[in-house]
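Worksheet: the structure to be examined is printed underneath.
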Amino acid sequence: MQDILRNHSNRQLFKAWLFALLLLAFVSLSMFLGNQGEVDEELILQLNPIILLVGQGIFSIIMFIGIPLLFIRFVLRVSVREFFSKAQWSILALTVLITISFMVVNSAIGEWNLNVDFPDGQFEDWAKRMEEKLKVGVEHLINFQSFPHFLTAFIVIGIIPAIGEELLFRGVIQNLFQRAFSNHHLAIWITGFAFAAIHMQFYGVVPRMLLGVIFGYMYHWSGNLSVAILAHFVNNGFALFILYLGTLGAIEMTPEQMESSAPWPALLVFGLVCVISLNVFYRKFSKTDG
């Protein structure tokens, strides 16, 4: 993993942690407040999804790209170029293969998480209301009516979060935890949990956390944030593309079907592909991994 904070003193790290906690608190509060209130399904469905996507894109650019870049430049005081290096085509191909194969495996975990019963009744009621509101909004955004609608969603849901969320979580938060604990496993798993929790979707927190963990390990092994960004983009963009094909009638696929687990033979095959691909990926960097 890149030692981005190698030249930082304890005082500089304390300041960085203070700003990072404030940033996470601000992002969490913004996400929380944005999902409060009752679900007015009729009102949501009346709004133009492209306009909603553009608004979401502007918010995401400011929150997940602009602010982290300012944080990296003025708080961490490092160049953003340090997070990136040239990647071989074989590494990029492995990244795509790992991501798609893990998406299949993760579908089973996602279906399980969707049916979890939380012990606290009040929390469960709140989480279900939150999930229902998000579901209505997301399905409206991805109910593609035209190619421009799909293209806008592809940019806003596929590309922007891949860049911004990886800058924030793998680039900033994971590096800070790595320096704090001197244990990359702990840093990756805590960052993965924070990545999942901040989305405020508790009926999808486990599969999203595991995705974050996969992104974290690939970033740690490769020392190249572009690998994590590509993996994040493939995860989001591939799902959108499959849904768009379903809208066109080229395949049979709906948002509800996307929430279902793949058949067990596919889980076994893609699980094996994922494990082998991850092992090959790791071995390509194991000689330089600390």
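The values are calculated or read from the model by the stated rules, or taken from the named source; none is laboratory data. Bear in mind that the values here come from a model prediction, so they are computed numbers and not experimental data. Cβ atoms come from the backbone with ideal geometry, glycine included; neighbour counts cover every protein chain shown.
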**OP:** Output yes when any residue across segment 215-238 is of a type in the set (F, W, Y) and over 25 Å from I91 (Cβ atoms), and no when none is.
**Re:** no
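Listed here are the residues, each with its yes/no results for (1) more than 16 Å from the chain's Cα centre (by Cα); (2) within 30 Å of L18 (Cα to Cα); (3) free of Cβ contacts under 8 Å to residues at least 12 places away in the same chain.
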{"position": "A127", "(1), (2), (3)": "yes, yes, no"}
{"position": "V136", "(1), (2), (3)": "yes, no, no"}
{"position": "I142", "(1), (2), (3)": "yes, no, no"}
{"position": "S146", "(1), (2), (3)": "yes, no, yes"}
{"position": "L151", "(1), (2), (3)": "yes, no, yes"}
{"position": "I157", "(1), (2), (3)": "no, yes, no"}
{"position": "G164", "(1), (2), (3)": "no, yes, no"}
{"position": "L168", "(1), (2), (3)": "no, yes, no"}
{"position": "G171", "(1), (2), (3)": "no, yes, no"}
Original post:
Which of the residues that make up segment 20-73 are touching a helix residue (DSSP H, G or I) at 6+ places or on another chain (Cβ under 8 Å), among the aliphatic types (A, V, I, L, M), at pLDDT 90 or above and within 22 Å of F147 (Cα to Cα)?
Top reply: I50, L52, L53, V54
Subject >> Failed criterion for A162 (all others in (1) touching a His at 6+ places or on another chain (Cβ under 6 Å); (2) more than 22 Å from M258 (Cβ to Cβ) hold) >> reply: (2)
**OP:** Looking only at segment 202-215, decide whether some residue is in contact with an Asp or Glu (Cβ under 6 Å, 6 or more places away or on another chain) and within 24 Å of L23 (Cα to Cα).
**Re:** no
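Quick one: in segment 67-107, which of the residues that are of a type in the set (F, W, Y) and free of Cβ contacts under 8 Å to residues at least 60 places away in the same chain is farthest from R6 (Cα to Cα)?
W89
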Subject >> Filter pass, S222 being in contact with a Ser or Thr (Cβ under 8 Å, 6 or more places away or on another chain), touching a residue at least 60 places away in the same chain (Cβ under 8 Å) and of a type in the set (S, T, Y) >> reply: no
Original post:
How many residues, within segment 127-144, are aliphatic (A, V, I, L, M) and out of contact with any helix residue (DSSP H, G or I) (no Cβ under 8 Å at 6 or more places or on another chain)?
Top reply: 3
**OP:** Could you pull out every one of the helices (runs of 4 or more DSSP H) wholly within segment 207-290 that has 2 or more residues that are buried (at least 20 other Cβ atoms within 10 Å of the Cβ), modelled with pLDDT of 95 or more and within 18 Å of the chain's Cα centre (by Cα)?
**Re:** 225-248
**OP:** Report whether or not F123 is closer than 26 Å to G164 by Cβ and either of a type outside the set (D, E, K, R) or over 18 Å from the mean Cα position of the chain (by Cα) (or both).
**Re:** no
Original post:
If we keep just the residues of segment 1-14 that are out of contact with any Phe, Trp or Tyr (no Cβ under 9 Å at 6 or more places or on another chain) and surrounded by 15 or more Cβ atoms within 10 Å (Cβ to Cβ), which is modelled with the highest pLDDT?
Top reply: L13
**OP:** For residues that are farther than 13 Å from G164 by Cα and surrounded by fewer than 18 Cβ atoms within 10 Å (Cβ to Cβ), tally how many sit in segment 51-74.
**Re:** 6
**OP:** With the checklist (1) touching a Lys or Arg at 6+ places or on another chain (Cβ under 7 Å); (2) in a helix (DSSP H, G or I) in hand, flag the one item H199 doesn't pass.
**Re:** (2)
Original post:
Just to be sure, is V80 out of contact with any strand residue (DSSP E or B) (no Cβ under 6 Å at 6 or more places or on another chain), of a type in the set (A, V, I, L, M, F, W, C) and surrounded by 15 or more Cβ atoms within 10 Å (Cβ to Cβ)?
Top reply: no
Original post:
Which residue pairs have Cβ atoms under 9 Å apart, sit 6 or more places apart or on different chains, and have a first residue in segment 109-122 that is of a type in the set (G, A, S) and surrounded by 10 or more Cβ atoms within 10 Å (Cβ to Cβ) and a second that is outside any loop (DSSP other than H, G, I, E, B) and at pLDDT 90 or above?
Top reply: G110/V206; G110/P207; G110/R208
Subject >> H185, sole failed condition from (1) in a helix (DSSP H, G or I); (2) in contact (Cβ under 8 Å) with a residue 12 or more places away in the chain; (3) surrounded by fewer than 19 Cβ atoms within 10 Å (Cβ to Cβ) >> reply: (2)
